[in-house]
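J.: Next up is a structure, given as structure tokens.
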Amino acid sequence: MLTPDQLIHAVALGTLEAATEFLPVSSTGHLLLAGHFLGFEGPPGKVFEIAIQLGAILAICVLYFQKLWGVVLDLPGQNTAGRQARNFTLAVLAGFLPAAVVGILLHDTITTYLFNPIVVCAMLVVGGLVILYLENVRRAPASVYDIDALDWRLALKIGALQCLAMVPGVSRSGATIMGAMWLGVNRKVATEFSFFLAIPTMVGAVALSLWEQRALLRAEDLALIGVGLVTAFLVALLVVRWLVGFVARRTFTPFAWYRITVGGLGLLALALWG
């Protein structure tokens with residue numbers, strides 16, 4: 001039976017995860033800072049924070065079910081739809097490959113040495129400055145306006161840039177979206193590709209982390225994880241819909257200033273109170 005405090009924490013962390021997962025602000029960084037400054041902690045070993053990411057991924061699968069199911073049905077075809085489905089699948093797999101390789105090789109090192117509030121706050125500020133630069137620098141007009149036209153070679157480059165997000169505070173969606181735009185992908189296509197790329201990337205990361213933390217997962221934690229996962233799913237449904245509409249009209253500059261503000265205040269708080 002969950003206590004009221006446990007229920008509040010599960011809902012709060014599930015909301016925080018989903019609200020920040022697909023925005024260029026770093027969900028991992030926010031969860032880490034919430035644990036440090038607010039005492040929002042789930043089950044031991046970060047199992048809770050890892051597992052609830054599946055709720056956000058499920059939201060993507062639901063919102064883009066028609067696209068994903070269409071790809072599955074069209075894959076064997078020899079017509080235009082079949083070629084587009086295979087191109088899309090290859091692009092997602094190519095984009096996922098760098099993170100898979102780097103994650104397997106460096107996962108333990110990164111979590112041991114970089115998962116701390118100072119790194120998160122510093123990366124929030126640096127990432128905000130990078131977004132401001134990329135949004136204001138003159139770029140060549142976008143050359144990719146359709147996600148089915150995204151070449152696997154370009155996707156591989158985007159995937160390599162996504163690896164930067166293994167440093168907490170960088171933001172997986174931020175590295176993917178801004179990297180894709182820098183490489184000539186249309187803003188909306190870059191955003192949607194980051195959603196699709198999140199499916200294998202996050203499922204792989206969750207599976208690896210849960211396997212490593214399996215000894216810490218207790219039966220009594222399942223109810224807490226369930227509440228957080230469902231909360232993350234529901235909130236992610238709203239956030240993803242909103243973000244697609246937002247990028248059609250606005251730049252990512254507001255998120256840059258948000259990152260700089262949160263990171264700057266975090267560094268100040270760490271300097272004053274630790």
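J.: Kindly indicate the residue of segment 78-107 that is more than 19 Å from TRP152 (Cα to Cα) and touching a helix residue (DSSP H, G or I) at 6+ places or on another chain (Cβ under 8 Å) and also surrounded by the fewest Cβ atoms within 10 Å (Cβ to Cβ) among those meeting that condition.
T.: If we take residues in segment 78-107 being more than 19 Å from TRP152 (Cα to Cα) and touching a helix residue (DSSP H, G or I) at 6+ places or on another chain (Cβ under 8 Å), then ILE104 is surrounded by the fewest Cβ atoms within 10 Å (Cβ to Cβ).
J.: Which residue pairs have Cβ atoms under 6 Å apart, sit 6 or more places apart or on different chains, and have a first residue in segment 83-105 that is modelled with pLDDT of 95 or more and a second that is open to solvent by 90 Å² or more (accessible area, probe 1.4 Å) and not basic (Lys, Arg)?
T.: Close Cβ pairs satisfying both conditions: LEU90/TRP152; ALA91/TRP152; ALA94/TRP152.
J.: Next question, about the same structure. Is it the case that segment 1-10 has a residue that's of a type outside the set (D, E, K, R), open to solvent by less than 30 Å² (accessible area, probe 1.4 Å), closer than 27 Å to THR191 by Cβ and part of a helix (DSSP H, G or I)?
T.: The answer is no; no qualifying residue exists.
J.: Filter segment 58-114 down to the residues that are hydrophobic (A, V, I, L, M, F, W, C), in contact with a Cys (Cβ under 7 Å, 6 or more places away or on another chain) and under 19 Å from GLN162 (Cα atoms) and list them by number.
T.: Matches in segment 58-114: ALA99, VAL102.
J.: Anything in segment 108-139 that is open to solvent by 30 Å² or more (accessible area, probe 1.4 Å), at pLDDT below 95 and under 27 Å from LEU272 (Cα atoms)? List them, or say none.
T.: Within segment 108-139, THR111, THR112, TYR113, LEU114, PHE115, ASN116 meet the criteria.
J.: A follow-up question, please. For segment 26-77, give me the residue count where each residue is part of a helix (DSSP H, G or I), surrounded by fewer than 16 Cβ atoms within 10 Å (Cβ to Cβ) and at pLDDT below 90.
T.: Number of matching residues: 3.
J.: Next question, about the same structure. If you go through segment 238-260 one residue at a time, how many are without any contact (Cβ under 8 Å) to a residue 40 or more places away in the chain and open to solvent by 40 Å² or more (accessible area, probe 1.4 Å)?
T.: 5
Results for (1) out of contact with any Leu (no Cβ under 7 Å at 6 or more places or on another chain); (2) of a type in the set (A, V, I, L, M); (3) open to solvent by 20 Å² or more (accessible area, probe 1.4 Å); (4) in contact (Cβ under 8 Å) with a residue 12 or more places away in the chain, shown as yes or no for each residue.
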| position | (1), (2), (3), (4) |
| --- | --- |
| ALA223 | no, yes, yes, yes |
| GLY228 | no, no, no, yes |
| PHE233 | no, no, yes, yes |
| ALA236 | yes, yes, no, yes |
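J.: Where residues in segment 111-144 are hydroxyl-bearing (Ser, Thr, Tyr) and without any contact (Cβ under 8 Å) to a residue 12 or more places away in the chain, which of them is farthest from PRO254 (Cα to Cα)?
T.: Ranking the qualifying residues of segment 111-144, first place goes to THR112.
J.: Do we find that ALA142 is surrounded by fewer than 24 Cβ atoms within 10 Å (Cβ to Cβ) and at pLDDT below 95 in this structure?
T.: yes
The values are calculated or read from the model by the stated rules, or taken from the named source; none is laboratory data. These numbers come from a predicted model, not from an experiment. Because the Cβ atoms are built from the backbone with ideal geometry, glycine has one as well, and the counts that use them run over all protein chains shown. All accessible areas refer to the heavy atoms of the entire protein, side chains included, with ligands and DNA or RNA removed. Shrake-Rupley method; radii C 1.70, N 1.55, O 1.52, S 1.80 Å.
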